[in-house]
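Let me begin by presenting the structure, written as structure tokens, before commenting on it.
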Amino acid sequence: MTIHEGWDKKQRRCYHRILSGLRVHRGEILRFITLTTAEGMIRPLNEAWRVIKERIRRLTVIRLIKMGYIALKDVRKYYPGKPLNEAIRFEYLKVETAEGVCGVLHILYFGDYIPQKWLSDAWREITGTAYIVDIRACKDSVKAPKRLARYVISQYVAGQKALVRYSWSWGWVSRGFVKIWKKIIELTEDIKVAINLWNRLLDGEELILRNYLFKPPPDLKFVELTNDNLSTILEAKL
């Protein structure tokens, strides 16, 4: 029995997007957020997500201190080496399901610590009524992306016949990464070969497929090799 058996197309694609981000962020700590809904919300779920996402990205350590969510003595513990006025890092993949009253958001993210009390207070203010949130982190950094992706899928996606949609930030992998993945499939015409090449690319290896050069993250892209640019590219490699 394969890990994809019984999954629909949306679930298989979600697994691929999750696994791709885990490979790119290997060695970092993965964090999980769950945002619930309640009766009488003043904003629909998607709008509430947009607002909370922007608030997180504007958040800084100094603001958390001033609002009383972080004590000065805990700054070094939660934000070692981070400038106090630098924005919180938040690179995410969001899965929306039809659970609960009006849906539930399951967010995987790489980035800085976010106090649960701040998240709960902000979510209540944004939604008007919902305040039950959960936030936790893996104990260890990502070492086995495939195994972790299977766990995530089993918890948040595989059993969710109510999977509605999913989305991600540019920094989860790289801007436009799905287009690059589809290009590799097109050039190889073999999904197993494409997966192997994709993994090598995300792990930092440059690839040449037919007349295309594929660059790994963080500058993930592909360039068509022509007579005009081939010598320039080869010279840069020497």
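Do we find a residue being modelled with pLDDT of 95 or more, in contact with a His (Cβ under 9 Å, 6 or more places away or on another chain) and either outside any loop (DSSP other than H, G, I, E, B) or aromatic (Phe, Trp, Tyr) (or both) anywhere in the stretch 101-115? Within the stretch 101-115 (the criterion being modelled with pLDDT of 95 or more, in contact with a His (Cβ under 9 Å, 6 or more places away or on another chain) and either outside any loop (DSSP other than H, G, I, E, B) or aromatic (Phe, Trp, Tyr) (or both)), the answer is yes, since at least one residue qualifies.
Just one residue in the set 76, 63, 50, 55 is of a type in the set (Lys, Arg), under 19 Å from residue 137 (Cα atoms) and open to solvent by 20 Å² or more (accessible area, probe 1.4 Å); that residue is 76.
For residues in the stretch 59-99 being of a type outside the set (A, V, I, L, M, F, W, C) and closer than 28 Å to residue 14 by Cβ, which is modelled with the lowest pLDDT? It comes out as 99.
Of 224, 205, all but one fail to be among the acidic types (Asp, Glu), open to solvent by 70 Å² or more (accessible area, probe 1.4 Å) and modelled with pLDDT of 95 or more; the exception is 205. Answer yes or no as to whether residue 97 is among the hydroxyl-bearing types (Ser, Thr, Tyr), open to solvent by less than 40 Å² (accessible area, probe 1.4 Å) and either closer than 28 Å to residue 19 by Cα or in contact with a Cys (Cβ under 8 Å, 6 or more places away or on another chain) (or both). For residue 97, the condition - among the hydroxyl-bearing types (Ser, Thr, Tyr), open to solvent by less than 40 Å² (accessible area, probe 1.4 Å) and either closer than 28 Å to residue 19 by Cα or in contact with a Cys (Cβ under 8 Å, 6 or more places away or on another chain) (or both) - is met. Of all the criteria given as (1) more than 30 Å from residue 212 (Cα to Cα); (2) open to solvent by less than 40 Å² (accessible area, probe 1.4 Å); (3) in contact with an Asp or Glu (Cβ under 7 Å, 6 or more places away or on another chain); (4) touching a residue at least 40 places away in the same chain (Cβ under 8 Å), the one not satisfied by residue 164 is (2). Look at residue 28 and say whether it is open to solvent by 20 Å² or more (accessible area, probe 1.4 Å) and touching a residue at least 12 places away in the same chain (Cβ under 8 Å). For residue 28, the condition - open to solvent by 20 Å² or more (accessible area, probe 1.4 Å) and touching a residue at least 12 places away in the same chain (Cβ under 8 Å) - is met. As for the stretch 34-50, it holds at least one residue that is of a type in the set (A, V, I, L, M) and assigned to a helix (DSSP H, G or I).
The values are calculated or read from the model by the stated rules, or taken from the named source; none is laboratory data. All values reported here derive from a predicted model rather than from experimental measurement. Quick reminder, even Gly has a Cβ in these numbers, built from the backbone with ideal geometry, and neighbours come from all protein chains shown. For the accessible areas, the whole protein counts, side chains as well, though only heavy atoms, and no ligand, DNA or RNA atoms are used. Shrake-Rupley method; radii C 1.70, N 1.55, O 1.52, S 1.80 Å.
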